[in-house]
Amino acid sequence: MKACFFRNANTGTASLLAGSGNFSLNGLSRSIECGVTLSTTTPAEYQRHIEPLFHAADALWNAATNLNGLLAQYLQLWTPGSAPRSGQAPSPAQLARGAYQKFWIEVGYVTRNRGGREGNQFDMPRGVHSFFGLQAGANQALNSTIGNVTFVGNGPPLIRALRLGNNSMEKLTLPFPEEYPFGTYSGKILEFTRQPGGFSIDAYELDDFEKLLRQSPRGVTLKMGSGRTYGYRN
């Protein structure tokens, strides 16, 4: 758990932010985390509800091992990873002939197409269908099916549609999240890997996948107009 305390010296009020997310862009605004914020409106509320928590956290901090005692040892063990690559999107021909074994994408928002339940559709960049071995028509109509994708690796194979949406983006229908061990697709990085007979799916938190990406031997990282990232790797 991470916690941060804010206190207004002029008013005597304060706020507390605590939760599972790192204090980073991903942790605070993009990953799916669990947290709470507490705010006081009077000095008395601060003294009653937040000040004891601050003193408890301060005691833990003062009792912690000094970083200087660990830093030298850490630097001996640490090896730098390669930075995530950027580059030009592969051509449909490259994707069709299997130049990359894996396609990954930051899912972001998942369309709630199942009433109040977790959705299983999301938008992808135009052209991704080539990775899945599909071929779109020269004048593919909006809201029409490009082809079907077979998902394997978690029970019997599942066949789901990939279509061109009304917004001119490709929309992939995923297996229901309760059929996979993910629980939710929202906010995840999904990675699709070529397998005999279809494609497997893995889901990652953003921070975890960024570490994995740095170790990838070769690949390309791209960005959609919305800011979501995606790419291909081996």
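The values are calculated or read from the model by the stated rules, or taken from the named source; none is laboratory data. Computed from a prediction, not measured in an experiment: that's the story for all the values here. Heads up, the Cβs are rebuilt from the backbone with ideal geometry, glycines too, and the neighbour counts pull from every protein chain shown. Protein only, heavy atoms only, side chains kept; ligands, DNA and RNA dropped before computing areas. Shrake-Rupley method; radii C 1.70, N 1.55, O 1.52, S 1.80 Å.
Structure notes:
- Across the range 1-18, the number of residues qualifying as in a strand (DSSP E or B) and among the small types (Gly, Ala, Ser) comes to 4.
- Within the range 91-114, the set of residues being assigned to a loop (DSSP other than H, G, I, E, B) and either at pLDDT 90 or above or open to solvent by less than 60 Å² (accessible area, probe 1.4 Å) (or both) comprises Ser91, Gly98, Ala99, Tyr100, Gln101, Val107, Gly108, Val110, Arg114.
- Ala136 meets the stated requirement of being within 25 Å of Leu222 (Cβ to Cβ) and in contact with a strand residue (DSSP E or B) (Cβ under 8 Å, 6 or more places away or on another chain).
- Condition met for Asn26 (modelled with pLDDT under 85, in contact with a Leu (Cβ under 9 Å, 6 or more places away or on another chain) and part of a helix (DSSP H, G or I)): yes
- Whenever a residue of the range 47-58 is touching a residue at least 40 places away in the same chain (Cβ under 8 Å) and within 12 Å of Ala3 (Cα to Cα), its partners that are among the aliphatic types (A, V, I, L, M) and open to solvent by 60 Å² or more (accessible area, probe 1.4 Å), lying with C-beta atoms within less than 7 angstrom and at least six residues away or across chains, give the pairs Ile50/Leu38.
- For first residues located in the range 199-222 and hydroxyl-bearing (Ser, Thr, Tyr), partners that are open to solvent by 40 Å² or more (accessible area, probe 1.4 Å) and not in a loop (DSSP other than H, G, I, E, B) and lie 6+ apart or on another chain with Cβ distances below 8 Å form the pairs Tyr204/Leu212.
Residues checked against (1) of a type outside the set (Ser, Thr, Tyr); (2) outside any strand (DSSP E or B); (3) surrounded by 16 or more Cβ atoms within 10 Å (Cβ to Cβ):
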site	(1), (2), (3)
Thr150	no, no, no
Asn154	yes, yes, no
Ala161	yes, no, no
Asn167	yes, yes, no
Lys171	yes, no, yes
Glu178	yes, yes, no
Gly183	yes, yes, no
Ser200	no, no, no
